[in-house]
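What follows is a short report on a single structure.
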Amino acid sequence: MNIAKIDPIAIIGAGAFGLSTAHELSNKGYTNITIFEKDEQIPSRWSAANDLNKIMRAEYEDDFYTNLAVEATHAWQTPLFTPYFHRVGYLNCVSGAAPQKAADTMRTFQAAAERHPEIKPFLHPISSPEDVRNIAGAWQFTGELPGWKGYFCKYDGYVHSANALRGIYREASKNGVRFFLGRHAGAVEKIVYEGTGKSRKSVGVETKAGSFHAAKLVIVTVGAAAHKIVPEIGTEVSAKSWSVAHVRLTDDETAALRGIPVTYARDLGFFFEPDPKTNLLKLCPMGGGYINTNPATGVSEAPEAVFQFIPKEDEKKMRELLRQTLPYLADRPLVEKFICWFADTADSDFIVDYVPDTSSSVMILSGDSGHGFKMFPIVGRWVDSLLNSADGKQSISRWRWRAPKPKAQGESFDDEVSWRIGDVRELRDIQREESAMSKL
């Protein structure tokens, strides 16, 4: 489909994929871009990127994504994105009690870093607690670090995701991108089509308020809610969640932990250096994740409400992580707890393609799979590349539209992802179990 620079483009969702797309296309001269976001603010509370920070790790099991992450790292080092990138290094380890899968995954990442000529000089093996303190520079870790082994990569670090979203929102606005925000003006009820079958094409979007906005191209970037706008995606994109919590520190405690590496024990979880403005130290547990399956469709759906709690099993992992590293924080209250929903695919590959039978008038970006935000500066390039492909098709086969696969009743729609440790569980089952325990 040929899109002229003046043709109206509607982007649904102002999270990482939507903002990156709007920024890139407006930089490339597209002058009629509108973003629709159901929240009243940006960063949106429904965006998985509305968070203090995300890991900026370049090494992947798969060299394809390693190369993409290196490209993204270069982009994070440009003037626009530099304020949000903190190259404190990445400590990727397992404790002495870790299952074999955790150790194998860690070694696979380490091998990937060793294979890449740009990352390799930044790589250092870790074989003892002394290495954690002296090589990784985490001298503040007073815990016993029992059996910790792995590697430290100074090439990596973290990015301040919420601030990055705010920054690109400002830049896109300067470029003339229009924003409709809120439950009525910004929440899209549906894509409006004309024609049927192979001749079907989108002519715009309709909001919850009933307003119609014409568009020659609709780009869907709503993450875990993809099936609500593009039901054809079915079970190929699954809403999955992880727990997030924080420990609030004093000014002096925050200052004392400045510069610590992103610390990931693959059998327990990870944490970041505390944020100097809020004094919050963010923690996440390792696990297979939680889903919210609709029994009628078999599709895991992100709830409309924001869940301000975390399962007790996750809190236990976080406290054990602190006990092994920063024991004086292990029994502190956990604050600003929530369940973070993201769009998952069975193989962790993104989906960046036109929706079939829409005459290339609807494009979908989804499947961030919990590792997409590091690509924030370059996501828009993928959209521009697809728009300008000679044959109008996605050249990267692994990012093409996937026809939903029929599965037998009772069969899981959530295949195991190699780098996650733990079982995928229904969130409602966790809530039911914890409610029953509280009554004992």
Note: among Phe307, Phe342, Phe373, just one is in contact with a helix residue (DSSP H, G or I) (Cβ under 9 Å, 6 or more places away or on another chain) and under 30 Å from Trp139 (Cβ atoms), namely Phe373
So, Lys337, is that one closer than 29 Å to Val88 by Cα, assigned to a helix (DSSP H, G or I) and not assigned by TED's automatic domain parsing to the domain that holds Ile229 or not? no
Only one of (1) among the β-branched types (Val, Ile, Thr); (2) in a helix (DSSP H, G or I); (3) touching a helix residue (DSSP H, G or I) at 6+ places or on another chain (Cβ under 8 Å); (4) farther than 24 Å from Ala239 by Cβ does not apply to Val70, and that is (3)
Exercise. Is the range 28-39 home to any residue that is at pLDDT below 95, out of contact with any strand residue (DSSP E or B) (no Cβ under 7 Å at 6 or more places or on another chain), closer than 30 Å to Gly210 by Cα and part of a loop (DSSP other than H, G, I, E, B)?
Worked result: no
Among Ala98, Ala112, the single one that is at pLDDT 95 or above, assigned to a helix (DSSP H, G or I) and not assigned by TED's automatic domain parsing to the domain that holds His184 is Ala112
Selection over the range 344-368 where residues are over 17 Å from Ser389 (Cα atoms), of a type outside the set (Ser, Thr, Tyr) and assigned to a loop (DSSP other than H, G, I, E, B) yields a count of 7
By residue number, the members of the range 351-395 that are crowded, with 22+ Cβ neighbours inside 10 Å, out of contact with any strand residue (DSSP E or B) (no Cβ under 7 Å at 6 or more places or on another chain) and within 15 Å of Val237 (Cβ to Cβ) are Gly372
Flagged in the range 254-282 as surrounded by fewer than 18 Cβ atoms within 10 Å (Cβ to Cβ) and outside any loop (DSSP other than H, G, I, E, B), in numbering order, are Ala255, Ala256
Those residues of the range 185-194 that are more than 13 Å from Ile12 (Cα to Cα) and surrounded by fewer than 14 Cβ atoms within 10 Å (Cβ to Cβ) come to a total of 1
Among His227, His213, the single one that is modelled with pLDDT under 95 and more than 19 Å from Asp51 (Cβ to Cβ) is His227
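Pick from the range 7-27 the residues that are of a type outside the set (Gly, Ala, Ser) and assigned to a loop (DSSP other than H, G, I, E, B): which of them is farthest from His227 (Cα to Cα)?
This residue is Asp7.
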Scanning the range 42-59 residue by residue, those under 25 Å from Val192 (Cα atoms) and either in contact with a strand residue (DSSP E or B) (Cβ under 7 Å, 6 or more places away or on another chain) or buried (at least 21 other Cβ atoms within 10 Å of the Cβ) (or both) turn out to be Ser44, Ser47
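Results for (1) crowded, with 21+ Cβ neighbours inside 10 Å; (2) touching a residue at least 24 places away in the same chain (Cβ under 8 Å); (3) not assigned by TED's automatic domain parsing to the domain that holds Ala102, shown as yes or no for each residue.
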position: Tyr30; (1), (2), (3): yes, yes, yes
position: Glu37; (1), (2), (3): yes, yes, yes
position: Glu40; (1), (2), (3): no, yes, yes
position: Asp63; (1), (2), (3): no, yes, yes
position: Ala75; (1), (2), (3): no, yes, no
- Task: Kindly indicate whether any position in the range 166-188 is closer than 30 Å to Phe109 by Cβ and in contact (Cβ under 8 Å) with a residue 40 or more places away in the chain.
- Result: yes
Screening Ala390, Ala346, Ala305, Ala296 for residues that are free of Cβ contacts under 8 Å to residues at least 24 places away in the same chain and within 22 Å of the chain's Cα centre (by Cα) leaves only Ala305
Residue count, the range 211-258, condition farther than 30 Å from Gly298 by Cα and not assigned by TED's automatic domain parsing to the domain that holds Tyr290, comes to 6
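The values are calculated or read from the model by the stated rules, or taken from the named source; none is laboratory data. Note that the coordinates shown come from a computational prediction; the quantities given were computed from them, not determined experimentally. Cβ atoms come from the backbone with ideal geometry, glycine included; neighbour counts cover every protein chain shown.
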